[in-house]
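K.L.:
Structure provided below as structure tokens; questions to follow.
Values in this text are rule-based calculations from the coordinates and carry no lab data. None of these values were measured; they are calculated from a predicted model. When we count neighbours, we look across all protein chains shown, and the Cβ atoms used for this are built from the backbone with ideal geometry, even at glycine.
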Amino acid sequence: MRLQLLIVLLCPWLIGTALANPYETTLANGLRIIVKEDHRAPTAVHMVWYRIGSMDETDGTSGVAHVFEHMMFKGTPSVGPGEFSQRVAAAGGRDNAFTSRDYTAYFQQIPKEKLEEMMQLEADRMHHLNLDPKEFEQEIKVVMEERRMRTDDNPQAKLFEQMNAVGFLAHPYRRPIIGWMSDLENMTAADTRAWYDAWYVPNNAYLVISGDVDHKEVFALAQKHYGPLAERPLPPRRATAEPLQEGPRHITVKAPAELPVLIMGYKVPVLRDIDKDSDPYALQMLAAILDGHDAARFNKKLVREDKVALSAGIDYDAIARGPGMLYLHGTPSAGKTVADLEAALRAEIERVRRDGVSAAELKRAKAQLVASEVYKLDSLFGQAMEIGQIESAGLSHRQIDRMLEKLQAVSAADVQAVAGKYFTDDALTVGVLDPQPLDGKPRRPAFPTRH
């Protein structure tokens with residue numbers, strides 16, 4: 001206690017420091033810095049995470065979080081448009097950015113001696129970004145073309161987008177991250193300026209640095225470059241709660257495609273308390289048993305044995321700020337219908353609900369799932385991503401090991417229980433891609449974007 005008090009007295013910008021790797025501190029302006037030391041290679045990953053994503057948008061401005069991500073590369077008074085990435089490349093590194101429903105993040109992978117330069121560049125655009133209307137007019141066209149290529153001309157993506165718009169009635173997750181085209185067409189440079197002024201402040205961000213670094217030196221560099229930035233009050237967040245679903249929902253999308261697609265989305269919980277929650281871990285294990293490896297149930301039974309599906313899978317993310325949804329999806333085999341595939345997927349869930357899972361299945365799924373979680377930490381970038389994503393949902397990176405312990409503690413009875421608890425029609429949204437004749441036109445070529 002006396003040592004911590006002495007540190008604070010000597011370094012007034014340091015609010016609190018963890019005593020074990022990862023190391024952590026918070027600057028006086030509210031910016032958190034999390035450092036994971038890993039000295040296996042002379043490189044470093046520098047990530048800036050902003051607690052702002054598409055779920056924080058309002059109707060009429062959907063897509064602004066992603067559009068603004070593009071604008072972050074348009075320069076400052078001291079760095080010209082496009083120069084940011086050029087300087088990263090010149091330093092022998094690579095950079096990129098990504099926007100999700102819950103956050104927006106920017107990263108650079110560089111030789112460790114270039115870390116200070118990356119901090120200087122990111123701190124500069126956190127506070128001094130140019131938002132030239134001419135640059136905006138150019139970039140909004142890029143984003144609209146990205147939407148055409150990734151969604152409008154992609155039947156499966158269009159189905160997923162429209163299914164989520166039906167599955168979530170009120171919560172902002174109903175809006176696509178890329179934005180609705182009409183909102184993009186009507187967006188202005190002033191919209192991006194308002195977004196920047198409201199949310200791109202140090203007290204709404206955190207840094208994650210992993211690699212061959214000394215945390216004390218990183219803290220000092222963070223204070224040097226980010227410390228002078230002023231914090232500002234954040235706007236209130238008013239995400240509408242999703243009302244209880246009280247019956248099944250269905251949507252069919254007709255589009256030129258070769259094959260039909262089925263998606264079945266069930267409302268399920270996500271992690272809110274790493275220690276107290278149990279069902280999200282059991283749902284992760286159920287997903288691993290059904291679709292976690294080549295010999296998992298979906299591939300073994302539906303694809304290879306019964307040949308009712310060309311492909312079948314399950315997607316579930318237990319880390320999210322908003323409500324959770326688990327997706328069953330697949331494409332029926334030749335001679336089989338979407339109804340046949342839906343019946344087969346339902347039958348596999350019913351089999352777990354009725355008969356449970358074997359000890360051997362559970363053991364293999366645990367090995368596969370826990371190994372995949374551990375493999376994420378095998379790279380510097382994976383370590384930074386894992387920390388950043390957990391923090392984005394309001395959870396603590398210090399409980400990553402606890403999450404693995406909870407996964408390993410899932411029992412066969414736990415898996416059987418969640419299969420019986422959550423897979424009900426009252427919580428189900430079904431989306432079907434009804435393939436229409438191909439128009440004979442060449443497909444739109446891949447359009448280069450930052451992502």
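K.L.:
Between residue 399 and residue 370, how many nm apart are label points set 7 Å from Cα along the C-beta direction?
P.N.:
Result: 2.0 nm between the two label points.
K.L.:
Would you mind checking the stretch 381-396 for residues with the amide N under 19 Å from a putative spin-label position 7 Å along Cα→C-beta of residue 21?
P.N.:
The answer is 381-388, whose backbone nitrogens lie closer than 19 Å to the label point.
K.L.:
Related question: Taking 19 Å as the cut-off for C-alpha to C-alpha distance, list the pairs among 276/406; 301/406; 276/376; 300/336; 114/224; 366/421 that go past it.
P.N.:
Going by Cα-Cα distance, 301/406; 276/376; 366/421 fall outside the 19 Å limit.
K.L.:
Moving on to the next point. At 0.36 nm per residue, and after removing the present C-alpha to C-alpha distance, how many nm does the segment from residue 214 to residue 273 gain when stretched out fully?
P.N.:
Gain in length upon complete extension: 18.1 nm.
K.L.:
If you don't mind, there's one more thing I want to ask. To the nearest Å, what is the center-to-center distance of the stretch 42-74 and the stretch 183-213, using C-alpha atoms only?
P.N.:
5 Å
K.L.:
Moving to a separate point now. Defining a contact as two alpha carbons under 8 Å apart and six or more residues distant in sequence, what relative contact order in percent does the stretch 249-436 show?
P.N.:
Computed over the stretch 249-436, the figure is 41 percent.
K.L.:
I need the calculated FRET efficiency for the pair residue 169 and residue 148, taking r as the beta carbon distance and R₀ as 25 Å, to the nearest 0.05.
P.N.:
That gives a FRET efficiency of 0.40.
K.L.:
Taking the Cβ-Cβ separation of residue 363 and residue 334 as r and a Förster radius of 41 Å, what is the calculated FRET efficiency to the nearest 0.05?
P.N.:
E(calc), rounded to 0.05, equals 0.70.
K.L.:
Please report the antiparallel percentage of DSSP beta bridges with both residues in the chain, rounded to the nearest 5.
P.N.:
75 percent
K.L.:
Report which label in (i) 1.32; (ii) 1.05; (iii) 1.38 holds the value of Cα Rg over 2.2 N^0.38 Å derived from the coordinates of this structure.
P.N.:
Here the calculated entry is (ii).
K.L.:
Expressed as a whole number of Å, what is the distance separating the alpha-carbon centroids of the stretch 98-145 and the stretch 411-428?
P.N.:
42 Å
K.L.:
Please find the FRET efficiency linking residue 78 to residue 185, where r is the Cβ-Cβ separation and R0 is fixed at 22 Å, and quote it to the nearest 0.05.
P.N.:
It comes out at approximately 0.10.
K.L.:
Let me ask something else about it. If you take every residue apart from residue 402 with its C-beta less than 13 Å away from the C-beta of residue 402, what net charge results, scoring Lys and Arg +1 and Asp and Glu -1?
P.N.:
After counting each charged neighbour, the total is -3.
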